[in-house]
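Below is one structure, written out as structure tokens, with a few remarks after it.
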Amino acid sequence: MADLDVEEPNGNLFFNYLLKYSESYTYIPKLIKENCAYCRECAKKCMFKALAVSKGFWMLFPELCHGCRACEYVCKFEAIAEDKRCIGKIGINEVNNPSFIEGRLNVGEVLTTSLIKDVKKKIKRIEEKYEVVVMDAPPGTSCPVIEVVKDVDKVIVVAEDSPFGFYDFTLIHDLLSELNKDYHLVINKFKDGKEIIPFCDKESINVLAKIPLEKNIAYKYSKGEFALDEYDEVFRDVYYKLIEVES
């Protein structure tokens, strides 16, 4: 189990594992002052405006730097060297079953995708031990979501049965269509499905399950408890339907 919602990782609330953490770093440039001609070429080529350069002055805004190394590449005077800064940490537990890994972004940090890439590198090194790796993606349709789903084998979308939920669902539907990713749908907080069900019928979307809108599910979830025991039939139905799809 991998929690890649690195801005708000909450998967371990259900397991309460003791995780072993290591820091995650990203590249930032460092000035070699005696080599610099202050030609401003590095600042001009920086897409993210992370460098300010004038005569005798060179300044990095590390929170804007995306670690692309363009500045180092274009510098003719070898005045830029490699440095690093910590953007978050990665926690892992391979002792318990299921094994668990998460990324945890530093407060105020913006390089969400960089940390997700780092977590996926760690997953790549250990994934041969496991038959299945389940990744919990962040919500929405932005770059972090794309980074998670771009190379997975199967996608399960969870959408809420509400006007806002349906609108968000159409966005992720369009995104996955652009990425040529087939997906299956779980409808959460299901009431009547008057918008989402006709859409699924029209687009031939496979609905795995409909989780009812019940206060007790939210209550158990808020306490870090699995709703599986009380709603065994609903959740096991998701599992068995997915097995059927895969086979």
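The values are calculated or read from the model by the stated rules, or taken from the named source; none is laboratory data. Quick caveat: nothing in here was measured; it's all calculated off a predicted structure. Because the Cβ atoms are built from the backbone with ideal geometry, glycine has one as well, and the counts that use them run over all protein chains shown. Ligands, DNA and RNA are excluded from the accessible area calculation, which covers all protein heavy atoms including side chains. Shrake-Rupley method; radii C 1.70, N 1.55, O 1.52, S 1.80 Å.
Among the residues making up the stretch 197-247, those that are closer than 19 Å to residue 182 by Cβ, modelled with pLDDT under 80 and open to solvent by less than 100 Å² (accessible area, probe 1.4 Å) are 238, 241, 242, 243, 245.
Inspection of the stretch 177-186 identifies at least one residue that is open to solvent by 80 Å² or more (accessible area, probe 1.4 Å), over 20 Å from residue 162 (Cβ atoms) and assigned to a helix (DSSP H, G or I). Whether any residue in the stretch 57-76 is touching a residue at least 60 places away in the same chain (Cβ under 8 Å) and either under 30 Å from residue 124 (Cα atoms) or assigned to a strand (DSSP E or B) (or both) is what I want to check. Scanning the stretch 57-76, I find no residue that is touching a residue at least 60 places away in the same chain (Cβ under 8 Å) and either under 30 Å from residue 124 (Cα atoms) or assigned to a strand (DSSP E or B) (or both), so the answer is no.
Taken together, the residues in the stretch 96-117 that are touching a residue at least 40 places away in the same chain (Cβ under 8 Å) and either open to solvent by less than 40 Å² (accessible area, probe 1.4 Å) or of a type in the set (A, V, I, L, M, F, W, C) (or both) amount to 13. Looking at the stretch 149-164, is at least one residue hydrophobic (A, V, I, L, M, F, W, C), outside any strand (DSSP E or B) and surrounded by 12 or more Cβ atoms within 10 Å (Cβ to Cβ)? Yes: one or more hits.
The set of residues in the stretch 69-95 that are open to solvent by 80 Å² or more (accessible area, probe 1.4 Å) and not charged (D, E, K, R) comprises 73, 77, 95. Here is a list: 37, 52. Which entry is open to solvent by less than 60 Å² (accessible area, probe 1.4 Å), outside any loop (DSSP other than H, G, I, E, B) and not basic (Lys, Arg)? Selected residue: 52, the only one of 37, 52 that is open to solvent by less than 60 Å² (accessible area, probe 1.4 Å), outside any loop (DSSP other than H, G, I, E, B) and not basic (Lys, Arg).
Report, by residue number, each residue of the stretch 187-199 that is more than 22 Å from residue 236 (Cα to Cα) and assigned to a helix (DSSP H, G or I). Within the stretch 187-199, 196, 198, 199 meet the criteria. Among the residues of the stretch 51-64, those identified as out of contact with any helix residue (DSSP H, G or I) (no Cβ under 8 Å at 6 or more places or on another chain) and aliphatic (A, V, I, L, M) are 59, 60, 64.
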